[in-house]
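All of the numbers you see were taken from the coordinates with simple rules; none came from a lab. The structure presented is a predicted model; accordingly, all values stated were derived computationally and were not measured. Positions of Cβ are generated from backbone atoms using ideal geometry, with glycine treated the same way; all protein chains shown enter the neighbour counts.
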Amino acid sequence: MTNAITNPYIPANIHHHLFNDKLNMKKKLLFTNFSKISFKCFLRTLCLLLIAFCLMPNTNAQILNDAATRQQISQGLDKMYSYDFKESAEIFARIKAKYPQHPVFYTLMAIQTELQYFPLKDYPAQQKVYLAYLNQSRNLAEAMLDKNDEDIEASFFELATLGYMAAFNADNQEFMKAVGVAKKAYSHLKKGLSLTDKQPEFLYSSGIYNYYRIEYPETHPVIKSVIWMFADGNKKLGLQQLDLATKKTIFVKNEATFYAGYVHTKYESNFAKALIYNNILIEKYPDNLLYQMQRAEFLYAVGRYEDSEDFADKILKQKGAMFQCAGTIFKGLVAEKHKKDDKTAEILLQKAVKLPFDERFTKDYHALAYMGLARIAKRTGDVDKMKEYAKTAIKLAEYKSTLAEAKAMLK
């Protein structure tokens, strides 16, 4: 019987702990179902923690202790986040010329490829380019480690590569590969976390880790069966570290600012605080599509409906399904909440929920759309539809504010 429920998504050393003779069949089946659904969320969280830890400077580093090169990397990242990909690639190429056997160029180009062709899953040819950059980055990092297994900088780039590879595999539903890569990367993460907590660049990774290590099991209780493997966290400290990271870091400042806003919206329901972080990003990178999409959401959340619609119109100029989905949803929500035009709102929201959502960025937008439809149904007296839409929103939502509204509607 044990062999019949062996779970290929869970490392073998965890099976004995979870599947002992004291567990009844009901619990075994529950965990089997968890492995197919919730472990995917766990893996995404692990990948987020791994990715958050990449490109950190260290006192024993070579490139990241080279002030001129650090400045070049910073300039290149600024160009990249401004969507000036030609200029950023040229800057990164100059770094490669100076350090031809270092993985930094290939790591940066992998990051650029993912941003330039986002979402990457919609561009099969560029997926191959992306993986080629990552494989070369890993090969060079491992060559450095072969010469000196205490080379901290090489370990960082090995970690970065493994983290991006694990995330790529997870996004493409290749969980067996992702688990193997993530397990190896986590050992590098633990090693890196123990090095120092005094270097400002570590504030982002520490903040993300401390916050999500506590929040994610609270939001997804079933994951507690697996999360015990990880060191404990501290949500309050995590928020403080994220905020400091938006002010004191160089390499991960944009990621820290983006995710600080994300966390305050998704889990803290502090929309005004979230908008402050987005203000920083949109002022510096007004053409960045992800930041525009986030701004449409945050402006809607704080009741600045006309401004939200302006940004919805901007992202609707993009052809990608993800941006079409997001723009249509926020235009529909503005029509429903601000313009009191339920007919137009329903047309837009129904159109939007038929579009595919991106797991990381627009799944919760679908939940918002279903809540808009639920409110419209409630006003028309269609209780059955209202309940149907609210239940669908609960299945999709992670935003605590959305879940609270949907559950209240079903009482």
Exercise. Figure the gain on full extension for residue 132 and residue 184 (residue separation times 0.36 nm, minus the Cα-Cα span) and round it to one decimal in nm.
Key: 16.8 nm
Quiz item: Among 135-142, 367-374, how do they line up from the highest to the lowest mean number of other beta-carbon atoms within 10 Å?
Solution: 367-374, 135-142
Self-check item: By average C-beta atoms within 10 angstrom, highest first, the peptides 379-388, 163-172
Solution: 163-172, 379-388
Quiz item: Could you give the nm distance between label points at residue 268 and residue 347, where each point is 7 Å from its Cα heading toward the beta carbon?
Solution: 4.0 nm
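Rounded to the nearest 0.05, what FRET efficiency do residue 122 and residue 145 have when you use their Cβ-Cβ distance and R0 = 35 Å?
Working: r = 34 Å, r/R0 = 0.99.
That gives a FRET efficiency of 0.50.
For the pairs 351/391; 266/354; 224/337, flag any whose C-alpha to C-alpha distance is greater than 29 Å. Present the calculation step by step, with values, prior to reporting the outcome.
On the way: 351/391 19 Å; 266/354 23 Å; 224/337 38 Å.
Exceeds cut-off: 224/337.
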Self-check item: Peptides 394-407, 295-308, 256-269 ordered by average Cβ neighbours within 10 Å, highest first
Solution: 256-269, 295-308, 394-407
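What translational diffusion coefficient, to the nearest whole µm²/s, does the stretch 288-410 have by Stokes-Einstein, given a Kirkwood radius computed over alpha-carbon pairs, a temperature of 20 °C and 1.002 mPa s viscosity?
Details: Rh = 14.0 Å.
D = 153 µm²/s.
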Quiz item: In vacuo Debye scattering of the stretch 197-274, one point per C-alpha: log10 I(q)/I(0) at q = 0.14, 0.17, 0.20 Å⁻¹?
Solution: -0.44, -0.63, -0.83
